[in-house]
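The following block contains the structure, expressed as structure tokens.
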Amino acid sequence: MRRITACRVCGGGELATVLALGEVPLANALLAPGDADLPEPRFPLTLAFCPSCSLVQILETVDPEELFRHYLYFSSFSETMLRHAREEAETLAARESLGARSLVVEIASNDGYLLRNFVERGIPVLGVEPARNIAAVAEGRGVATLAEFFGAAVARRLAAEGRHADVVIANNVLAHVADLHGVAEGIATVLKPGGVAAIEFPWLGTMIEALEFDTIYHEHLCYFSLHAITALFDRHGLVVEDVERHAIHGGSLRVYLRPGGAARPRPSVGALLDEERRRGMTTLAYYADFARRVRALGEALTGELRRRKSAGQRLAAYGASAKGSTLMSAFGIGGDLLDFVADRSTVKQGRLTPGNRLPIVPAEALVERRPDATLLLTWNFADEIFRQQRAYLEAGGVFVVPVPEVRVVGKEVLA
């Protein structure tokens, strides 16, 4: 691990701490049952703001080889993600008039959940996915995939081979990248002169105002506003042409970038930049109250869980997610309160959560074991999970939804 002293985008050295979460385990480092007694590495987790370019970032960088070469997050386990990916593919295919002579490149393409929508339409694709286990799954599904970290060198190689992209997609990946300029240069290198890059990321404004602090973990090095995205890509000749808001992941932006000579910025770009300035997102004052609000949320949530436990209730959690790991580590929620964590992902089941080492069991366990209340760690997929867990809710179970405020949800959500 190394600790940065200068901004990852502009190099500014006046980074101001926004939130310090102490030393925590890696959020996706699920343990095998046989490793339950082994020590876990822990790393500081500190969020900071750059007043020069408005980038919000963590100060610690863990080696990406340790984080991503063998990964246990498969996008295809989420119905919401699959639907969102299909809609994005349809939008881009129509917007860019893609066909059999086009090429779509996706950075961090996971198990091919998005690119397969283009394959079904006869549009050539190439995924670049560093997790070898996940890249192999994508290949098995007919999605051509390079098991590499995308950057300037890979892009130059593709360009030398004549593989220039009509569309480059990068969804929820820039936050994970230590070498932001290498990726931005790579996108500029591999794009055709009139090509477009579609980049999606959780919007910083929603994260701060909806108290989505649990999206902070070591894999997420950066938290972007439109101002920060613009500052990054301007340095590589790519201009933000359009921006859309999407509900996915609690509130995200999708920006469309083109090489400067081809870009025709739309009113949506200036409007959102103006909104960010009005909100104060380019000033430290906007972030000053964040840490206090996180502490207050922790007190409210642990208070709710402890009251239920003291009353003799059986408690569990749903969603062995990275955000769940951050939330449980930050608030000290462990086996004294929760019996297990349920999850649909078969690659996570049978393992233990980082830090508190709770057993991860199939999603069906909620109906089989009937905990009185379940902490919903994957609150960003709440509606999908409520539908999947209809039987649990109808039997009298409730979900404790922790973000942006603690609320208890029962079968009334099924009406």
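Expressed as an acute angle from 0 to 90° and rounded to the nearest 10, what is the orientation of the C-alpha long axis of helix 267-279 relative to the principal long axis of the chain?
Between helix and principal axis, roughly 50 degrees.
What is the Å³ per residue value for the convex hull set by the Cα atoms of the chain? If you can, show how the numbers build up before the last one.
Values: hull volume 58.7 nm³, N = 415.
Looking at the chain, the number lands at 142 Å³ per residue.
Provide the per-residue ³J(HN,Hα) series for the stretch 34-43, in order, calculated from phi with Karplus coefficients 6.51, -1.76, 1.60 and θ = phi - 60°, each as a whole number of Hz, with x at glycine and proline positions.
Values, residue by residue: x, 9, 4, 9, 7, x, 10, x, 10, 9 Hz.
I'd like to know which of 321, 134, 30 lies farthest towards the positive end of the charge dipole of the chain, counting +1 on Cβ of Lys and Arg and -1 on Cβ of Asp and Glu.
Going by the Cα projections, it comes out as 321.
Follow-up question, since we're still on this one. Can you give the net charge of the other residues whose Cβ lies under 15 Å from the Cβ of residue 32, counting K and R as +1 and D and E as -1?
Details: positive: 348, 351, 357; negative: 35, 37, 40.
Around residue 32, the charge tally is 0.
Tell me, what HN-Hα J-couplings in whole Hz come from the Karplus equation 6.51 cos²θ - 1.76 cosθ + 1.60 at θ = phi - 60° for each residue of the stretch 126-133, using x for Gly and Pro?
Residue by residue, the stretch 126-133 yields 8, x, 10, 9, x, 6, 4, 5 Hz.
For the chain, what is the mean residue ellipticity at 222 nm derived from helices alone (per DSSP H run of n ≥ 4: -39500 (n - 2.57); sum divided by total residues; nearest 500 deg cm²/dmol)? Each step should come with its number before you reach the end.
Values: 14 runs with 132 residues, N = 415.
Only helices count here, giving -9000 deg cm²/dmol.
Once amide H atoms are built 1.01 Å from N in the peptide plane, which residues 5 or more positions from residue 106, or in another chain, come under 5 Å H to H?
Close amide H contacts, sequence-distant or interchain: 126, 127, 128, 169.
Please report the net charge: other residues with Cβ closer than 15 Å to the Cβ of residue 3, K and R +1, D and E -1. It would help to have the intermediate numbers written out before the result.
Working: positive: 2, 8, 42; negative: 23, 60, 63.
Within the 15 Å Cβ shell, the charges total 0.
Where Lys and Arg each count +1 and Asp and Glu each count -1, what net charge lies around residue 354 among other residues with Cβ under 10 Å from its Cβ? Mind showing how you got there, number by number?
Numbers: positive: 42, 351, 357; negative: 40.
Every neighbour counted, the sum reads +2.
Quick one: which residues, 5+ away or cross-chain, put their amide H under 5 Å from the amide H of residue 218? H built at 1.01 Å from N.
The answer is 27.
Let's see if you can work this out: charge +1 on each Lys and Arg Cβ, -1 on each Asp and Glu Cβ, no other charges. What is the dipole magnitude of the stretch 1-157 about its Cα centre, in debye to the nearest 20? Before the final figure, lay out the partial values.
Working: 15 positive and 20 negative charges, 117 e Å.
Magnitude of the dipole: close to 560 debye.
Next question, about the same structure. About its Cα centre, what dipole magnitude does the stretch 298-344 give when the only charges are +1 on Lys and Arg Cβ and -1 on Asp and Glu Cβ, stated in debye to the nearest 20? Could you put the intermediate results ahead of the total?
Details: 7 positive and 5 negative charges, 25 e Å.
Dipole of the stretch 298-344, to the nearest 20 debye: 120 debye.
Cα axis of helix 322-331 to longest principal axis of the chain: angle in degrees, 0 to 90, nearest 10?
50
Please state the charge dipole magnitude for the chain, taken about the Cα centre, from unit charges on C-beta atoms (+1 on K and R, -1 on D and E), reported in debye and rounded to the nearest 20. Before the final figure, lay out each step's value.
Details: 45 positive and 50 negative charges, 53 e Å.
Dipole about the Cα centre, nearest 20: 260 debye.
Among 362, 310, 294, which residue has its Cα positioned farthest towards the positive end of the charge dipole of the stretch 274-386, with +1 placed on the Cβ of Lys and Arg, -1 on the Cβ of Asp and Glu, and the dipole taken about the Cα centre?
Ranked along the dipole, the leading option is 310.
Roughly speaking, to the nearest percent, how much of the chain's 1.4 Å accessible area is carbon and sulfur? Can you show the working numbers first?
Working: 8160 of 16040 Å².
Answer for the chain: carbon and sulfur cover 51 percent of the accessible area.
Sorted by packing (mean other beta-carbon atoms within 10 Å per residue), highest first, where do 49-59, 2-12 land? Kindly include the intermediate steps, with their values, before the conclusion.
On the way: 49-59: 22.5, 2-12: 15.5.
The densest-packed peptide leads the list: 49-59, 2-12.
Spit out the partnerless Cys residues in the chain, using Cβ distances under 4.7 Å as the pairing rule.
Within the chain, the cysteines lacking a partner Cβ under 4.7 Å are 222.
Using alpha carbon centroids, what distance separates the stretch 371-415 and the stretch 166-197, in Å?
37
Give me P(r) over the stretch 247-353, computed from all C-alpha to C-alpha distances, binned every 10 Å, as integer percentages.
The calculated distribution, bin by bin, is 10, 26, 26, 19, 15, 3, 0.
Lys/Arg Cβ at +1, Asp/Glu Cβ at -1, dipole of the chain taken about the Cα centre: which of 352, 397, 169 is farthest positive-ward?
397
Residues of the chain: accessible area per residue at 1.4 Å, in Å²?
Numbers: 16040 Å² over 415 residues.
Averaged over the residues of the chain, the accessible area is 39 Å².
Also, I was wondering about something else. Which longest run of the chain has no exposed loop site in it, a site being GluC sites (Glu not before Pro) in a DSSP loop with at most 14 other beta carbons within 10 Å, and the site itself not part of the run? Walk me through the numbers before you get to the answer.
On the way: sites that count: 14, 120, 148, 161, 364, 405.
That would be 162-363.
Okay, moving on. Angle, helix 290-310 long axis vs. longest principal axis of the chain, Cα atoms, 0 to 90°, nearest 10?
Relative to the chain, helix 290-310 is tipped by roughly 30 degrees.
The values are calculated or read from the model by the stated rules, or taken from the named source; none is laboratory data. All figures in this text were calculated on a predicted structure; none of them were measured in a lab. We place every Cβ from the backbone using ideal geometry, glycine too, and count neighbours over all the protein chains shown. Calculation scope for accessible area: heavy atoms of the full protein, side chains included, ligands and nucleic acids excluded. Shrake-Rupley method; radii C 1.70, N 1.55, O 1.52, S 1.80 Å.
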